[in-house]
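Shown next, in structure tokens, is the structure this report addresses.
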Amino acid sequence: MEKALERFYSVFAEWGVPSIVPQLIVMLVVVSVVILFISVSVMFMIWWERKISAHIQVRYGPMRVGGWHGWAQSIADGIKLLLKEDIIPAGADKLVFALAPMVVFAAALAAYVIIPFGPNLIVRDLNIGVLFYISISSLTVVGIIMAGWSSNNKYSVLGALRSAAQAVSYEVPLVVSVLGVIMTVGSLSMIQIVEAQKRIWFVIPQFFGFLIYLTAAIAECNRLPFDIPEAESELVAGFHVEYSGMRFAIFFLAEYANMFTVSAIATALFLGGWHGPLLPPWLWFLIKTYCIIFVMMWLRWTLARLRVDQLMNLGWKVLLPLAFLNMGITGLILVIHG
Amino acid sequence: MTVTQAVFFLLAAFTLGAALLVVLATNIVHCAIALVFTFFGVAALYVLLDAEFLAAVQVLLYVGGITILLLFAIMLTSRISARGVKIMNEQAGISALVVFAILALMVFANLKGLVLAAAPLPASYATASLGRLLLTTYVLPFEVVSILLLAAMVGAIILAKREREKD
């Protein structure tokens, strides 16, 4: 990988082209690959979620488009959304309204920089690794508030406010739950964290950390049982009530892309990343990630929605103390073991 | 012009543009959103200076924390966003004086070639050594700042409680 890149650069250097040209080409190729991966994976996840929900409710779900169990349903839906009329409500703040989906999607896209699909399959092994994801994901909330406010609709403002409150309160236990792993490894780099799990996956010594992370991550994704920001029965659709067509599709894309990101990070931090016998590393990574995504979908169609006060109680009075306890015990064990 | 310089000028223009929007926009929500982009631009400049940790913390605290609370407060204040904000106020003269004083100081420092920053650390060590320094050499200021924040939090809780007792 590295060698091929160097050869690519040296070819351009021989021709006398400034180094910015091959660098830009590499960047464009990497971004295109990531966006392509996100689109395909999201389309698969949407079809999969519809299938899971249908089977949980003793239905079949999409069956017709594409032949085999309606596999092409998401593609058809995507094309339909692309062709729809672009509507901006008359009372909306047009600039902010147009900017909001881009901010949300940019945050979702940026997080893919640090996902380690394999030993060499990472866009960039940043020194600050996990911290990068935690900080960049907070940009999503800004996008959601922009969308909710600019729509000029009371439901969307309520949804945006709820979403902000939820994200701010669940970010704290999320960060603290990850600290146990970081303390054990002594590094924030994703590659080093995965490599430290060669012998034992961190889900075993850090079981509580894993549970807290998963709970907080589901809340960060605004999914049931924590979906009060978009509670259909109260808020129609929450912050994206006024969005339709492609703008709505971008929100949807970002939401599922985020779901993949939190699952991939759970895989890298707790489930040993790409480690596993026989199969190639990237396949192991994807299998583990999709297993967590399956659990998230399963929970969504099994549990009922929490009330706002229950949500806040759970976040601040249960998850946060447990996360701190987990951190303290990990620290104590590390100190005793030297 | 190297790539880094080109990126720097792009980022600087972006940050300054957003900062101007914060001051010049008449809608207070627009100001707050522009502030988000200003903070983000500053974080990007930190990355350019190899201070990745600082950049991540900047985004986490300023973008993810402070401006969201700001937007929250704006939205919970009834009809504040419908009213226009006054851009100029009666303190314009004094603030102009302060701005020019700071500008003059910066120009002077740059012309004299004043070195304010220490030599950069190798990037891969920056985060770890920052943590080590915070818990050894600078542990006292670090703890003092924590106590300050704790006091602010306790104060906020007491204020909120008093409000509730009045109701």
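The values are calculated or read from the model by the stated rules, or taken from the named source; none is laboratory data. Nothing here was measured: the structure is a model prediction, and the numbers come from that model. Ideal geometry is used to build each Cβ from the backbone, glycine not excepted, and the neighbour counts take in all protein chains shown.
Kindly provide the set of residues from segment A:204-216 that are in contact (Cβ under 8 Å) with a residue 12 or more places away in the chain and either surrounded by fewer than 18 Cβ atoms within 10 Å (Cβ to Cβ) or not in a loop (DSSP other than H, G, I, E, B) (or both), ordered by number. Listed by number, the residues that qualify are A:205, A:208, A:209, A:210, A:212, A:213, A:214, A:215, A:216. Output the residue which, of all residues in segment B:31-59 that are within 7 Å of chain A (Cβ to nearest Cβ) and closer than 27 Å to residue A:93 by Cβ, is surrounded by the most Cβ atoms within 10 Å (Cβ to Cβ). Taking the candidates together, the pick is B:33.
Please go through segment A:10-30 and pick out each residue that is without any contact (Cβ under 8 Å) to a residue 24 or more places away in the chain, assigned to a helix (DSSP H, G or I) and away from chain B (no Cβ under 13 Å).
To start, the set of residues in segment A:10-30 that are without any contact (Cβ under 8 Å) to a residue 24 or more places away in the chain comprises A:10-29.
Adding the requirement that they be assigned to a helix (DSSP H, G or I) leaves A:10-15, A:20-29.
Of everything in segment A:10-30, those that are without any contact (Cβ under 8 Å) to a residue 24 or more places away in the chain, assigned to a helix (DSSP H, G or I) and away from chain B (no Cβ under 13 Å) turn out to be A:10, A:11, A:12, A:13, A:14, A:15, A:25, A:28, A:29.
Please indicate, with yes or no, whether at least one residue in segment A:228-244 is among the small types (Gly, Ala, Ser), outside any helix (DSSP H, G or I) and more than 25 Å from residue A:78 (Cα to Cα). The answer is no, given that none of the residues of segment A:228-244 is among the small types (Gly, Ala, Ser), outside any helix (DSSP H, G or I) and more than 25 Å from residue A:78 (Cα to Cα).
Evaluating residue B:89 against the criteria (1) more than 22 Å from the chain's Cα centre (by Cα); (2) modelled with pLDDT of 80 or more leaves one unmet condition, (2). Taken over segment A:87-136, the criterion of being within 14 Å of chain B (Cβ to nearest Cβ), in a helix (DSSP H, G or I) and within 25 Å of residue A:275 (Cβ to Cβ) is satisfied by A:111, A:113, A:114, A:129, A:130, A:131, A:132, A:133, A:134.
Name the residue, out of B:109, B:82, that is surrounded by 10 or more Cβ atoms within 10 Å (Cβ to Cβ) and either at pLDDT 80 or above or within 30 Å of residue A:164 (Cα to Cα) (or both).
Values: B:82 fails: surrounded by 10 or more Cβ atoms within 10 Å (Cβ to Cβ).
Only one candidate qualifies: B:109.
Between residues in segment A:155-170 that are away from every other protein chain (no Cβ under 11 Å) and residues that are of a type in the set (D, E, K, R) and assigned to a helix (DSSP H, G or I), which pairs lie under 8 Å by C-beta distance while being six or more apart or on different chains? These pairs meet every condition: A:159/A:230; A:170/A:220.
Those helices (runs of 4 or more DSSP H) of segment A:261-338 in which 2 or more residues are in contact with a His (Cβ under 6 Å, 6 or more places away or on another chain), over 16 Å from residue A:116 (Cβ atoms) and of a type in the set (Val, Ile, Thr) are absent.
When you look at residue A:258, is it buried (at least 18 other Cβ atoms within 10 Å of the Cβ), in a loop (DSSP other than H, G, I, E, B) and either more than 14 Å from chain B (Cβ to nearest Cβ) or without any contact (Cβ under 8 Å) to a residue 60 or more places away in the chain (or both), yes or no? When the stated conditions are applied, residue A:258 does not pass them. Every test in (1) at pLDDT below 85; (2) part of a helix (DSSP H, G or I) is passed by residue A:219 save one, and that test is (1). Number of residues in segment A:73-86 that are part of a helix (DSSP H, G or I) and basic (Lys, Arg): the value is 1. Please find, within segment B:13-29, the residue that is surrounded by the most Cβ atoms within 10 Å (Cβ to Cβ) out of those that are touching a helix residue (DSSP H, G or I) at 6+ places or on another chain (Cβ under 7 Å) and part of a helix (DSSP H, G or I). For segment B:13-29, the residue satisfying everything is B:29.
In segment A:275-289, how many are closer than 19 Å to residue A:38 by Cβ and surrounded by fewer than 24 Cβ atoms within 10 Å (Cβ to Cβ)?
Initially, segment A:275-289 is screened for residues closer than 19 Å to residue A:38 by Cβ, giving A:282-283, A:285-289.
Among the residues that remain, those that are also surrounded by fewer than 24 Cβ atoms within 10 Å (Cβ to Cβ) are: A:282-283, A:286-288.
Qualifying residue count for the region: 5.
Just checking, does segment A:27-46 include any residue being exposed (fewer than 12 other Cβ atoms within 10 Å of the Cβ) and among the small types (Gly, Ala, Ser)? Yes - at least one qualifying residue is present in segment A:27-46. For segment A:60-86, filtering for residues that are surrounded by 12 or more Cβ atoms within 10 Å (Cβ to Cβ) and not hydroxyl-bearing (Ser, Thr, Tyr) leaves 16. Would you say residue A:270 is touching a Pro at 6+ places or on another chain (Cβ under 9 Å) and either among the aromatic types (Phe, Trp, Tyr) or modelled with pLDDT of 90 or more (or both)? For residue A:270, the condition - touching a Pro at 6+ places or on another chain (Cβ under 9 Å) and either among the aromatic types (Phe, Trp, Tyr) or modelled with pLDDT of 90 or more (or both) - is not met. When residue B:161 is tested against (1) at pLDDT below 85; (2) within 14 Å of chain A (Cβ to nearest Cβ); (3) part of a helix (DSSP H, G or I), just one condition goes unmet, and that condition is (2).
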